[in-house]
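Data first, discussion second: the structure below is written as structure tokens.
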Amino acid sequence: ELDTGGMVERGSRPCLVVNCPEDRHWLCLTDAGEVWSWGQGEGGRLGHGEQTSCDRPRLVSALVGRRVTRVAAGSSYSAAVTSEGELWTWGRGHYGRLGQGSTEDCSLPGLVAALLGQRVVDVALGTGDAQSLAVTDTGVVYSWGDGDYGKLGRGGSEGSKVPRLVERLSGLGVVSVHCAAQASFAVTKSGQLYSWGKGDNHRLGHGTEEHVRFPRLLEGLPPVSLLAVGRTHATVLTTEGRLLGWGHNDQAQLG
């Protein structure tokens, strides 16, 4: 059962909870658009201006006054999207994963200024040597952070400290993005699924273990309505109501 701390007293209720099991921290988005966080605090991933861990939910006060619509938790860092389409990130800055132009840690939410003028609608954060993805209301995808195995989708392995356009996805109408360990995914409005990055354990779903450095369509997959990814496996719910999975199955995670 979720210990909501002071949420009840404030008159708000949880509507979305996300976490990063790898680094043991959680974010809760309430129906009032507030963000609460708890768990491991190292690197400033909780957004409270310090690195202290919390065993109960605590309000991320730096975001008060901005109605948040999406939250994401990655490997020692976090992100929030506001109703105005702004993207805020905080936590460990390794590889430029925060998108703020440096590799410095940030213990308070900081605006991703490179995306001002765009209206962000979804964000995804990776694990390990992490990458970050964002999609705008026009279906355009940006990526930044660590670039190993081509998981930023621009060919090669070069990383980036600021969001850069994933050109191969332009014009496809992407509506959501997702990050696994060293792999990235995008779902389009028509239900097509693209994946790219590290290919071992068949985590990309292309039938091989080769690394893919540009977004590649999963051929023959029925239209997707929902995608969920783990570190090295993925599952989809199709519009026909079928549940499909692929990738690493060492713990029978594919069902």
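The values are calculated or read from the model by the stated rules, or taken from the named source; none is laboratory data. This structure is a prediction, so every number in the text was calculated from the model and none was measured. Counting neighbours? That spans all protein chains shown, and the Cβs are built from the backbone with ideal geometry, glycine included. These area figures cover heavy atoms from the full protein model, side chains too; ligands, DNA and RNA do not enter into them. Shrake-Rupley method; radii C 1.70, N 1.55, O 1.52, S 1.80 Å.
Is it the case, given these coordinates, that Trp196 is without any contact (Cβ under 8 Å) to a residue 60 or more places away in the chain and more than 21 Å from Leu98 (Cβ to Cβ)?
Spelling it out, Trp196 is indeed without any contact (Cβ under 8 Å) to a residue 60 or more places away in the chain and more than 21 Å from Leu98 (Cβ to Cβ).
Just the residues that are of a type in the set (A, V, I, L, M, F, W, C) and assigned to a strand (DSSP E or B), please, taken from segment 152-176.
Listed by number, the residues that qualify are Val162, Leu165, Val174, Val175.
Among the residues of segment 96-123, which ones are in a loop (DSSP other than H, G, I, E, B), under 22 Å from Gly173 (Cβ atoms) and not basic (Lys, Arg)?
Result: Gly117, Gln118.
Going residue by residue through segment 245-255, is there one that turns out to be within 17 Å of the chain's Cα centre (by Cα) and touching a residue at least 40 places away in the same chain (Cβ under 8 Å)?
No; the residues of segment 245-255 include none that is within 17 Å of the chain's Cα centre (by Cα) and touching a residue at least 40 places away in the same chain (Cβ under 8 Å).
For segment 93-111, how many residues are within 15 Å of Ser160 (Cβ to Cβ) and open to solvent by 60 Å² or more (accessible area, probe 1.4 Å)?
Result for segment 93-111: 4.
On the given criteria, is Leu87 closer than 26 Å to Ala228 by Cβ, touching a Cys at 6+ places or on another chain (Cβ under 8 Å) and of a type outside the set (Ser, Thr, Tyr)?
No, not satisfied.
For Tyr149, are the conditions met, namely being over 20 Å from Leu218 (Cα atoms), open to solvent by 60 Å² or more (accessible area, probe 1.4 Å) and part of a helix (DSSP H, G or I)?
Criteria not met by Tyr149.
Quick one: what pairs do we get from segment 148-163, first residue β-branched (Val, Ile, Thr), second in a loop (DSSP other than H, G, I, E, B) and open to solvent by less than 50 Å² (accessible area, probe 1.4 Å), C-beta under 7 Å, 6+ apart or different chains?
Matching pairs, first to second residue: Val162/Gly99; Val162/Gly101.
Do the conditions hold for Thr208, that is, is it among the polar types (S, T, N, Q), open to solvent by 30 Å² or more (accessible area, probe 1.4 Å) and outside any strand (DSSP E or B)?
Here the answer is yes, as Thr208 does meet what is asked.
Do we have any residue at all in segment 198-215 that's under 21 Å from Arg70 (Cβ atoms) and not acidic (Asp, Glu)?
There is no residue in segment 198-215 that is under 21 Å from Arg70 (Cβ atoms) and not acidic (Asp, Glu).
Can you name the residue in segment 228-238 that is of a type in the set (Gly, Ala, Ser) and open to solvent by less than 40 Å² (accessible area, probe 1.4 Å) and is also modelled with the lowest pLDDT among such residues?
So the residue we want is Gly230.
Considering each of Ser190, Ser143 in turn, give the residue that is open to solvent by 40 Å² or more (accessible area, probe 1.4 Å) and either part of a strand (DSSP E or B) or modelled with pLDDT of 95 or more (or both).
Ser190
Taking the criterion of being farther than 26 Å from Leu59 by Cα, open to solvent by 10 Å² or more (accessible area, probe 1.4 Å) and within 18 Å of the chain's Cα centre (by Cα), would at least one residue in segment 112-122 satisfy it?
Yes, some residue in segment 112-122 is farther than 26 Å from Leu59 by Cα, open to solvent by 10 Å² or more (accessible area, probe 1.4 Å) and within 18 Å of the chain's Cα centre (by Cα).
Out of everything in segment 193-202 that is part of a strand (DSSP E or B) and not polar (S, T, N, Q), what residue ends up being most open to solvent (accessible area, probe 1.4 Å)?
Of everything passing the filter in segment 193-202, Tyr194 is most open to solvent (accessible area, probe 1.4 Å).
Open to solvent by less than 40 Å² (accessible area, probe 1.4 Å), of a type in the set (S, T, N, Q), free of Cβ contacts under 8 Å to residues at least 40 places away in the same chain and closer than 16 Å to Ser176 by Cα: does that describe Ser225?
When the stated conditions are applied, Ser225 does not pass them.
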